[in-house]
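Undergrad: One structure, as C-alpha coordinates, below. Some questions next.
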Amino acid sequence: MINKLINGDIWKDTCGNTIHAHGGHILFFQGVYYWYGENRTGNRYVSVYSSTDLMNWDFRNDVLTTESKTEKYRVKTDTSLVTDDGSKINIERPKVIYNEKTKKFVMWMHVENGRDYSLAACAVAVSDTPCGQFTYLGSFNPFGYMSRDCTLFVDDDKTAYFISASRENADLHMYRLTDDYLNVDSLVNNLWQGEYREAPAVVKHNDKYYMFSSYCTGWAPNQCKYAVADKMDGRWSVLTEIGDETTYRTQPAFFLTVEDSGNIYYFSDRWNGKDYNDSRYVVLPLEFDDEGKPILEYKDEVEIR
Ligand code: DGJ
(Lines give C-alpha, C1' and ligand atoms only; values in the text may rest on other atoms or scores of the structure.)
Protein backbone atom coordinates (compact mmCIF):
# COMPACT_ATOMS: atom_id res chain seq x y z
CA MET A 1 0.00 0.00 0.00
CA ILE A 2 1.29 3.44 -0.91
CA ASN A 3 0.55 6.18 1.63
CA LYS A 4 3.03 8.85 0.45
CA LEU A 5 3.89 9.78 -3.10
CA ILE A 6 7.33 11.28 -3.71
CA ASN A 7 7.08 14.13 -6.18
CA GLY A 8 9.28 13.63 -9.23
CA ASP A 9 9.84 9.91 -8.59
CA ILE A 10 8.56 7.22 -10.92
CA TRP A 11 5.05 6.41 -9.75
CA LYS A 12 3.94 2.79 -10.06
CA ASP A 13 0.49 1.25 -10.40
CA THR A 14 -0.67 -1.56 -8.11
CA CYS A 15 1.01 -4.13 -10.40
CA GLY A 16 4.36 -2.35 -10.08
CA ASN A 17 4.33 -0.88 -13.60
CA THR A 18 5.14 2.77 -14.32
CA ILE A 19 2.03 4.95 -14.48
CA HIS A 20 1.76 6.54 -17.92
CA ALA A 21 -0.93 9.19 -17.61
CA HIS A 22 0.94 12.29 -18.73
CA GLY A 23 -0.79 15.60 -19.47
CA GLY A 24 -3.82 13.90 -17.98
CA HIS A 25 -7.03 14.40 -16.09
CA ILE A 26 -8.96 12.78 -13.24
CA LEU A 27 -12.69 12.06 -13.45
CA PHE A 28 -14.69 11.15 -10.35
CA PHE A 29 -17.56 8.83 -11.17
CA GLN A 30 -19.73 6.78 -8.77
CA GLY A 31 -17.21 6.68 -5.93
CA VAL A 32 -14.14 5.96 -8.09
CA TYR A 33 -11.40 8.26 -9.41
CA TYR A 34 -10.29 7.59 -12.99
CA TRP A 35 -6.93 9.00 -14.05
CA TYR A 36 -6.59 9.32 -17.84
CA GLY A 37 -3.46 10.47 -19.58
CA GLU A 38 -1.00 10.16 -22.42
CA ASN A 39 0.72 6.83 -22.82
CA ARG A 40 3.13 6.87 -25.78
CA THR A 41 4.45 3.32 -25.36
CA GLY A 42 3.72 0.73 -28.09
CA ASN A 43 0.50 1.37 -29.95
CA ARG A 44 -1.04 3.29 -27.05
CA TYR A 45 -2.33 6.85 -26.95
CA VAL A 46 -4.38 7.13 -23.75
CA SER A 47 -4.45 4.87 -20.67
CA VAL A 48 -6.71 4.92 -17.62
CA TYR A 49 -6.01 3.98 -14.01
CA SER A 50 -8.55 3.87 -11.19
CA SER A 51 -8.37 4.43 -7.45
CA THR A 52 -10.65 4.94 -4.48
CA ASP A 53 -7.93 6.37 -2.19
CA LEU A 54 -6.09 8.55 -4.79
CA MET A 55 -2.76 6.97 -3.79
CA ASN A 56 -2.99 3.39 -5.08
CA TRP A 57 -3.82 3.24 -8.77
CA ASP A 58 -4.97 0.13 -10.65
CA PHE A 59 -4.18 0.02 -14.34
CA ARG A 60 -7.55 -0.45 -16.06
CA ASN A 61 -7.14 -0.13 -19.80
CA ASP A 62 -5.55 1.44 -22.83
CA VAL A 63 -8.66 3.33 -23.83
CA LEU A 64 -7.32 4.86 -27.04
CA THR A 65 -4.75 3.14 -29.26
CA THR A 66 -3.85 2.97 -32.96
CA GLU A 67 -6.41 0.13 -33.17
CA SER A 68 -9.36 1.96 -31.59
CA LYS A 69 -12.71 1.94 -33.30
CA THR A 70 -13.42 5.07 -35.32
CA GLU A 71 -16.68 6.66 -36.39
CA LYS A 72 -17.23 9.76 -38.40
CA TYR A 73 -19.96 11.70 -36.66
CA ARG A 74 -19.71 14.92 -38.63
CA VAL A 75 -18.91 15.59 -42.26
CA LYS A 76 -15.38 16.84 -41.89
CA THR A 77 -13.49 15.10 -39.15
CA ASP A 78 -10.31 13.18 -39.78
CA THR A 79 -10.67 9.76 -38.15
CA SER A 80 -7.20 8.40 -38.97
CA LEU A 81 -5.35 7.16 -35.90
CA VAL A 82 -2.16 6.52 -37.88
CA THR A 83 -0.47 8.49 -40.65
CA ASP A 84 -0.37 7.44 -44.33
CA ASP A 85 2.85 5.49 -43.72
CA GLY A 86 1.32 3.68 -40.73
CA SER A 87 3.22 5.54 -38.02
CA LYS A 88 1.60 6.97 -34.91
CA ILE A 89 -0.02 10.36 -34.75
CA ASN A 90 0.50 12.47 -31.64
CA ILE A 91 -2.23 12.73 -29.02
CA GLU A 92 -1.70 15.10 -26.12
CA ARG A 93 -3.52 16.27 -23.00
CA PRO A 94 -6.56 13.94 -23.10
CA LYS A 95 -9.37 15.00 -20.73
CA VAL A 96 -12.51 12.96 -19.99
CA ILE A 97 -15.86 14.18 -18.68
CA TYR A 98 -19.18 12.44 -18.13
CA ASN A 99 -22.35 13.59 -19.83
CA GLU A 100 -25.34 12.99 -17.58
CA LYS A 101 -27.86 13.40 -20.42
CA THR A 102 -26.30 10.97 -22.89
CA LYS A 103 -24.62 8.78 -20.22
CA LYS A 104 -21.43 8.87 -22.31
CA PHE A 105 -17.85 9.42 -21.26
CA VAL A 106 -16.44 12.06 -23.59
CA MET A 107 -12.75 12.59 -24.25
CA TRP A 108 -11.26 15.73 -25.80
CA MET A 109 -7.60 15.92 -26.78
CA HIS A 110 -4.97 17.70 -28.86
CA VAL A 111 -3.95 15.92 -32.07
CA GLU A 112 -0.87 16.35 -34.27
CA ASN A 113 0.48 14.41 -37.26
CA GLY A 114 3.33 12.75 -35.32
CA ARG A 115 6.03 14.74 -37.16
CA ASP A 116 5.42 18.35 -36.16
CA TYR A 117 2.81 20.61 -34.58
CA SER A 118 1.29 21.97 -37.80
CA LEU A 119 -2.09 20.20 -37.58
CA ALA A 120 -3.10 22.07 -34.41
CA ALA A 121 -6.38 20.16 -34.14
CA CYS A 122 -8.60 18.88 -31.38
CA ALA A 123 -10.41 15.55 -31.38
CA VAL A 124 -13.27 13.83 -29.57
CA ALA A 125 -13.76 10.19 -28.52
CA VAL A 126 -16.63 8.54 -26.62
CA SER A 127 -17.33 5.49 -24.52
CA ASP A 128 -20.28 4.00 -22.62
CA THR A 129 -18.06 3.06 -19.68
CA PRO A 130 -15.13 4.86 -18.02
CA CYS A 131 -12.60 2.13 -18.81
CA GLY A 132 -14.00 0.80 -22.07
CA GLN A 133 -12.39 1.29 -25.47
CA PHE A 134 -13.26 4.79 -26.62
CA THR A 135 -14.56 5.26 -30.16
CA TYR A 136 -12.54 7.93 -31.93
CA LEU A 137 -14.82 10.48 -33.60
CA GLY A 138 -11.99 12.29 -35.35
CA SER A 139 -10.04 15.52 -35.29
CA PHE A 140 -10.99 18.98 -36.50
CA ASN A 141 -10.16 22.66 -36.13
CA PRO A 142 -12.91 24.25 -34.02
CA PHE A 143 -14.58 26.90 -36.21
CA GLY A 144 -11.48 26.59 -38.36
CA TYR A 145 -9.14 27.77 -35.60
CA MET A 146 -5.82 26.27 -34.55
CA SER A 147 -6.16 24.29 -31.34
CA ARG A 148 -3.17 22.99 -29.37
CA ASP A 149 -2.71 22.63 -25.56
CA CYS A 150 -6.15 22.12 -24.10
CA THR A 151 -8.33 21.42 -21.11
CA LEU A 152 -11.98 20.75 -20.27
CA PHE A 153 -14.01 22.21 -17.44
CA VAL A 154 -17.55 21.28 -16.38
CA ASP A 155 -19.37 23.94 -14.39
CA ASP A 156 -21.88 23.21 -11.60
CA ASP A 157 -24.77 23.63 -14.05
CA LYS A 158 -23.08 20.95 -16.24
CA THR A 159 -22.15 23.41 -18.97
CA ALA A 160 -18.82 22.21 -20.33
CA TYR A 161 -16.01 24.34 -21.75
CA PHE A 162 -13.08 23.40 -23.96
CA ILE A 163 -10.10 25.73 -23.70
CA SER A 164 -7.22 25.56 -26.15
CA ALA A 165 -4.25 27.50 -27.42
CA SER A 166 -4.92 29.13 -30.78
CA ARG A 167 -3.24 31.40 -33.38
CA GLU A 168 0.17 29.65 -33.08
CA ASN A 169 -0.45 29.57 -29.30
CA ALA A 170 -0.66 33.38 -29.04
CA ASP A 171 -4.23 33.40 -27.69
CA LEU A 172 -6.25 31.07 -25.50
CA HIS A 173 -9.70 30.24 -26.84
CA MET A 174 -12.61 29.16 -24.67
CA TYR A 175 -15.48 27.28 -26.33
CA ARG A 176 -18.76 26.35 -24.71
CA LEU A 177 -19.62 22.78 -25.72
CA THR A 178 -22.91 21.50 -27.07
CA ASP A 179 -25.20 19.76 -24.56
CA ASP A 180 -23.90 16.32 -25.61
CA TYR A 181 -20.29 17.58 -25.17
CA LEU A 182 -19.42 16.27 -28.64
CA ASN A 183 -18.88 19.58 -30.40
CA VAL A 184 -18.04 23.20 -29.82
CA ASP A 185 -21.16 25.31 -29.63
CA SER A 186 -19.72 28.80 -29.42
CA LEU A 187 -16.42 30.63 -28.95
CA VAL A 188 -17.21 32.41 -25.69
CA ASN A 189 -13.86 33.94 -24.82
CA ASN A 190 -10.57 34.81 -26.50
CA LEU A 191 -8.07 35.39 -23.72
CA TRP A 192 -4.69 37.03 -23.16
CA GLN A 193 -4.04 38.05 -26.73
CA GLY A 194 -0.38 37.56 -27.60
CA GLU A 195 0.61 36.07 -24.22
CA TYR A 196 1.35 32.56 -25.56
CA ARG A 197 -0.29 30.59 -22.77
CA GLU A 198 -0.15 26.78 -22.76
CA ALA A 199 -1.23 23.94 -20.48
CA PRO A 200 -4.45 25.57 -19.20
CA ALA A 201 -6.11 24.11 -16.09
CA VAL A 202 -9.26 25.44 -14.38
CA VAL A 203 -10.55 25.04 -10.84
CA LYS A 204 -13.54 26.60 -9.07
CA HIS A 205 -13.16 27.75 -5.48
CA ASN A 206 -15.63 29.85 -3.45
CA ASP A 207 -17.64 30.81 -6.56
CA LYS A 208 -14.56 32.04 -8.41
CA TYR A 209 -12.89 30.42 -11.39
CA TYR A 210 -9.11 30.17 -11.45
CA MET A 211 -7.19 29.34 -14.60
CA PHE A 212 -3.52 28.39 -14.40
CA SER A 213 -1.36 28.21 -17.51
CA SER A 214 2.29 28.08 -18.50
CA TYR A 215 4.24 30.07 -21.04
CA CYS A 216 5.24 28.43 -24.29
CA THR A 217 8.73 26.88 -23.97
CA GLY A 218 8.41 23.37 -25.45
CA TRP A 219 9.16 20.72 -22.82
CA ALA A 220 11.13 23.11 -20.62
CA PRO A 221 9.29 24.38 -17.53
CA ASN A 222 8.59 28.06 -16.95
CA GLN A 223 6.76 30.41 -14.60
CA CYS A 224 3.10 29.54 -14.23
CA LYS A 225 0.55 32.35 -14.14
CA TYR A 226 -3.06 32.37 -13.03
CA ALA A 227 -6.11 34.50 -13.66
CA VAL A 228 -9.49 34.76 -11.92
CA ALA A 229 -13.06 35.27 -13.15
CA ASP A 230 -16.57 35.35 -11.71
CA LYS A 231 -17.95 33.51 -14.72
CA MET A 232 -16.25 31.21 -17.20
CA ASP A 233 -17.52 33.23 -20.14
CA GLY A 234 -17.11 36.53 -18.31
CA ARG A 235 -14.10 38.82 -17.95
CA TRP A 236 -10.87 37.25 -16.75
CA SER A 237 -8.28 39.14 -14.74
CA VAL A 238 -4.77 39.86 -15.94
CA LEU A 239 -2.20 37.10 -15.46
CA THR A 240 -0.39 36.90 -12.11
CA GLU A 241 2.74 34.84 -11.42
CA ILE A 242 2.54 31.88 -9.05
CA GLY A 243 5.16 29.41 -7.82
CA ASP A 244 8.83 29.95 -8.65
CA GLU A 245 10.38 30.76 -12.04
CA THR A 246 9.98 27.16 -13.27
CA THR A 247 6.87 26.42 -11.16
CA TYR A 248 9.07 23.91 -9.33
CA ARG A 249 10.06 22.34 -12.67
CA THR A 250 6.45 21.55 -13.58
CA GLN A 251 3.77 22.36 -16.11
CA PRO A 252 0.05 22.22 -15.20
CA ALA A 253 -1.92 19.13 -16.20
CA PHE A 254 -5.18 19.63 -14.26
CA PHE A 255 -6.71 20.35 -10.87
CA LEU A 256 -8.41 17.77 -8.72
CA THR A 257 -10.99 18.73 -6.09
CA VAL A 258 -11.37 15.75 -3.78
CA GLU A 259 -15.01 14.80 -3.35
CA ASP A 260 -15.19 14.30 0.44
CA SER A 261 -12.54 16.68 1.79
CA GLY A 262 -12.88 19.50 -0.75
CA ASN A 263 -9.06 19.63 -0.87
CA ILE A 264 -7.67 20.91 -4.16
CA TYR A 265 -4.52 19.54 -5.78
CA TYR A 266 -2.40 20.89 -8.60
CA PHE A 267 -1.46 17.90 -10.79
CA SER A 268 1.45 18.65 -13.04
CA ASP A 269 3.97 17.08 -15.37
CA ARG A 270 7.70 17.22 -14.85
CA TRP A 271 8.52 16.46 -18.49
CA ASN A 272 11.69 14.80 -19.66
CA GLY A 273 12.09 16.32 -23.10
CA LYS A 274 14.99 13.98 -23.98
CA ASP A 275 13.22 10.82 -22.88
CA TYR A 276 9.48 11.47 -22.90
CA ASN A 277 8.57 8.13 -21.26
CA ASP A 278 10.68 9.04 -18.26
CA SER A 279 8.50 12.11 -17.56
CA ARG A 280 7.29 12.34 -13.95
CA TYR A 281 4.41 13.80 -11.93
CA VAL A 282 4.37 16.46 -9.25
CA VAL A 283 1.21 16.94 -7.19
CA LEU A 284 0.93 19.88 -4.81
CA PRO A 285 -1.89 21.07 -2.57
CA LEU A 286 -3.44 24.32 -3.76
CA GLU A 287 -4.38 26.66 -0.96
CA PHE A 288 -6.00 30.09 -0.81
CA ASP A 289 -5.48 33.04 1.50
CA ASP A 290 -8.37 35.04 3.00
CA GLU A 291 -8.58 37.26 -0.08
CA GLY A 292 -8.90 34.22 -2.35
CA LYS A 293 -5.32 34.47 -3.64
CA PRO A 294 -4.03 30.99 -4.57
CA ILE A 295 -0.89 29.67 -2.87
CA LEU A 296 1.23 26.96 -4.47
CA GLU A 297 4.19 25.78 -2.43
CA TYR A 298 6.61 22.99 -3.16
CA LYS A 299 6.51 19.80 -1.12
CA ASP A 300 8.74 16.75 -1.64
CA GLU A 301 5.99 14.32 -0.72
CA VAL A 302 2.24 14.33 -1.08
CA GLU A 303 -0.63 12.51 0.49
CA ILE A 304 -3.70 13.06 -1.69
CA ARG A 305 -6.79 12.94 0.45
C1 DGJ B 1 4.34 22.00 -24.22
C2 DGJ B 1 2.98 21.40 -24.15
O3 DGJ B 1 2.36 21.84 -23.01
C4 DGJ B 1 3.06 19.88 -24.17
O5 DGJ B 1 1.78 19.34 -24.08
C6 DGJ B 1 3.73 19.51 -25.45
O7 DGJ B 1 2.95 19.93 -26.54
C8 DGJ B 1 5.08 20.17 -25.54
N9 DGJ B 1 4.96 21.59 -25.43
C10 DGJ B 1 5.79 19.83 -26.83
O11 DGJ B 1 6.95 20.58 -26.99
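Undergrad: Taking the residues in region 193-208 that are surrounded by fewer than 20 Cβ atoms within 10 Å (Cβ to Cβ) and not polar (S, T, N, Q) as candidates, determine which candidate is nearest to the ligand (Cβ to nearest atom). Before you say what the answer is, go through the steps one by one.
TA: Looking only at region 193-208, we keep the residues that are surrounded by fewer than 20 Cβ atoms within 10 Å (Cβ to Cβ), and these are 193-196, 204-208.
Those still in the list that are not polar (S, T, N, Q) too: 194-196, 204-205, 207-208.
Numbers: 194: 18, 195: 15, 196: 11, 204: 22, 205: 24, 207: 29, 208: 25 Å.
Within region 193-208, the match that is nearest to the ligand (Cβ to nearest atom) is 196.
Undergrad: Report whether or not residue 218 is modelled with pLDDT of 95 or more, among the small types (Gly, Ala, Ser), within 16 Å of the ligand (Cβ to nearest atom) and under 17 Å from the mean Cα position of the chain (by Cα).
TA: Details: modelled with pLDDT of 95 or more: yes; among the small types (Gly, Ala, Ser): yes; within 16 Å of the ligand (Cβ to nearest atom): yes; under 17 Å from the mean Cα position of the chain (by Cα): yes.
Yes.
Undergrad: Taking strands (runs of 3 or more DSSP E) that fall entirely within region 245-305, which contain at least 2 residues that are farther than 16 Å from residue 22 by Cβ and of a type outside the set (A, V, I, L, M, F, W, C)?
TA: On the way: elements: 251-257, 264-270, 280-288, 294-296.
Answer list for region 245-305: 280-288.
Undergrad: Within region 115-148, how many residues turn out to be within 16 Å of the ligand (Cβ to nearest atom), under 19 Å from residue 181 (Cβ atoms) and either free of Cβ contacts under 8 Å to residues at least 60 places away in the same chain or surrounded by fewer than 21 Cβ atoms within 10 Å (Cβ to Cβ) (or both)? Break it down stepwise before answering.
TA: We begin by selecting, within region 115-148, every residue within 16 Å of the ligand (Cβ to nearest atom); these are 115-123, 139, 146-148.
Narrowing the set further to residues that are under 19 Å from residue 181 (Cβ atoms) leaves 121-123, 139, 147.
Checking which are either free of Cβ contacts under 8 Å to residues at least 60 places away in the same chain or surrounded by fewer than 21 Cβ atoms within 10 Å (Cβ to Cβ) (or both) leaves us with 121-123, 147.
The number of residues fulfilling the criteria is 4.
Undergrad: Here is a further query. Give just the number: which of (1) farther than 26 Å from residue 267 by Cβ; (2) within 15 Å of the ligand (Cβ to nearest atom); (3) in contact (Cβ under 8 Å) with a residue 60 or more places away in the chain does residue 72 not satisfy?
TA: (2)
Undergrad: Does residue 259 satisfy being within 16 Å of the ligand (Cβ to nearest atom) and either in contact with a strand residue (DSSP E or B) (Cβ under 9 Å, 6 or more places away or on another chain) or within 29 Å of residue 102 (Cα to Cα) (or both)?
TA: On the way: within 16 Å of the ligand (Cβ to nearest atom): no; either in contact with a strand residue (DSSP E or B) (Cβ under 9 Å, 6 or more places away or on another chain) or within 29 Å of residue 102 (Cα to Cα) (or both): yes.
The answer is no for residue 259.
Undergrad: Taking only pairs six or more apart or across chains, which ones have beta-carbon atoms under 6 Å, a first residue in region 212-225 that is under 16 Å from residue 117 (Cα atoms), and a second residue that is within 10 Å of the ligand (Cβ to nearest atom)?
TA: 216/169; 216/198; 219/271; 219/273
Undergrad: Scan region 271-292 residue by residue and report those that are within 16 Å of the ligand (Cβ to nearest atom) and exposed (fewer than 15 other Cβ atoms within 10 Å of the Cβ).
TA: The first filter runs over region 271-292 and keeps only residues within 16 Å of the ligand (Cβ to nearest atom), leaving 271-282.
Hits for region 271-292 are 272, 273, 274, 275, 276, 277, 278.
Undergrad: Here's another thing I want to ask about it. Please indicate, with yes or no, whether at least one residue in region 249-270 is surrounded by fewer than 20 Cβ atoms within 10 Å (Cβ to Cβ), modelled with pLDDT of 95 or more and aromatic (Phe, Trp, Tyr).
TA: No, the conditions are met nowhere in region 249-270.
Undergrad: Here's something else I'd like to know. Among 295, 304, 242, which is away from the ligand (no atom under 16 Å from the Cβ), closer than 20 Å to residue 25 by Cα and surrounded by fewer than 20 Cβ atoms within 10 Å (Cβ to Cβ)? Break it down stepwise before answering.
TA: Numbers: 295 fails: closer than 20 Å to residue 25 by Cα; 242 fails: closer than 20 Å to residue 25 by Cα.
Exactly one residue qualifies, and that residue is 304.
The values are calculated or read from the model by the stated rules, or taken from the named source; none is laboratory data. Keep in mind that what you see is a predicted model, and the values were worked out from it rather than measured. Note that we place each Cβ from the backbone using ideal geometry, even for glycine, and neighbour counts take in every protein chain shown.
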